[in-house]
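The values are calculated or read from the model by the stated rules, or taken from the named source; none is laboratory data. Only a predicted model underlies this, so the values are computations on that prediction, with no experimental measurement involved. A quick note on method: Cβ atoms are made from the backbone with ideal geometry, for glycine too, and the neighbour counts reach across all protein chains shown.
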Amino acid sequence: MNIDVGSKIRKLRKEQGLSIAALAASAELSTGLISQIERNMVVPSIVALWKVAQSLNVNVGYFFDEEEAQSINPVVKANKRKKIVTDDSEALYELLTPDLNRKIEFLRITLKRDEASTEDLIGHVGEECGIVLKGKLAIRFDNNEYILEEGDSISFDSSKPHKYVNIGESESISIWAMTPPSF
């Protein structure tokens, strides 16, 4: 699949009247990196793309939306889930919706023993809720730690910096819904 992320970023940036320097400052990235991404000289990490998307007020799925919405099958078969890999964690994110271009994000997250969803606490606009299907998770936010075991659920304001940590003896599997989408 050949997706022109750079042109989409450039188009949005110009529509919003932003210079490369302004976008770079907002996304906390270098102007050189933004310029290289826009010219498709480098492929941005998912974290860099997420920062750019947040700065341009779109979700990451916007950059990958190549099909007409009406042609997308609403069913996601277990063996056909799209996987999202970040550069700061070994967490496996599986998309439970057909694409990332939705008003709500629906994910299955698998964490290995002692693995965290992200290295640092991360906050973003919106709210999220999750349920642990397997294992044991510590959810850290607001200077608190909440322990969830199989069947336990939680909901919170996503703007509070947070992360999930597998504190069980084996892998953990959880289901999360976030709105608006953060990827």
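Numbers below:
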{"quantity": "Failed item in (1) among the hydrophobic types (A, V, I, L, M, F, W, C); (2) under 18 Å from the mean Cα position of the chain (by Cα); (3) at pLDDT below 90, with residue 42 passing the rest", "calculated": "(2)"}
{"quantity": "Members of segment 1-36 found to be free of Cβ contacts under 8 Å to residues at least 40 places away in the same chain and under 22 Å from residue 83 (Cα atoms), listed by number", "calculated": "2, 4, 6"}
{"quantity": "Candidate set from segment 45-55 (those that are over 11 Å from the mean Cα position of the chain (by Cα) and crowded, with 21+ Cβ neighbours inside 10 Å); member that is farthest from residue 6 (Cα to Cα)", "calculated": "55"}
{"quantity": "Filtered residue count, segment 2-42, keeping only those that are touching a Leu at 6+ places or on another chain (Cβ under 9 Å), more than 11 Å from residue 56 (Cβ to Cβ) and surrounded by fewer than 18 Cβ atoms within 10 Å (Cβ to Cβ)", "calculated": "2"}
{"quantity": "Identity of the residue in segment 91-110, of a type in the set (S, T, N, Q) and touching a residue at least 40 places away in the same chain (Cβ under 8 Å), that ends up nearest to residue 72 (Cα to Cα)", "calculated": "101"}
{"quantity": "Residue 91 vs. criteria at pLDDT below 90, closer than 21 Å to residue 178 by Cβ and among the small types (Gly, Ala, Ser)", "calculated": "yes"}
{"quantity": "Any chance residue 76 is on the phi < 0 side of the Ramachandran plot, of a type in the set (Val, Ile, Thr) and not in a strand (DSSP E or B)", "calculated": "yes"}
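For (1) without any contact (Cβ under 8 Å) to a residue 60 or more places away in the chain; (2) at positive phi; (3) crowded, with 18+ Cβ neighbours inside 10 Å, each residue gets a yes or a no:
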{"site": "112", "(1), (2), (3)": "yes, no, no"}
{"site": "117", "(1), (2), (3)": "yes, no, yes"}
{"site": "122", "(1), (2), (3)": "yes, no, no"}
{"site": "133", "(1), (2), (3)": "yes, no, no"}
{"site": "144", "(1), (2), (3)": "yes, no, no"}
{"site": "159", "(1), (2), (3)": "yes, no, no"}
{"site": "175", "(1), (2), (3)": "no, no, no"}
{"site": "178", "(1), (2), (3)": "no, no, yes"}
{"site": "182", "(1), (2), (3)": "no, no, yes"}
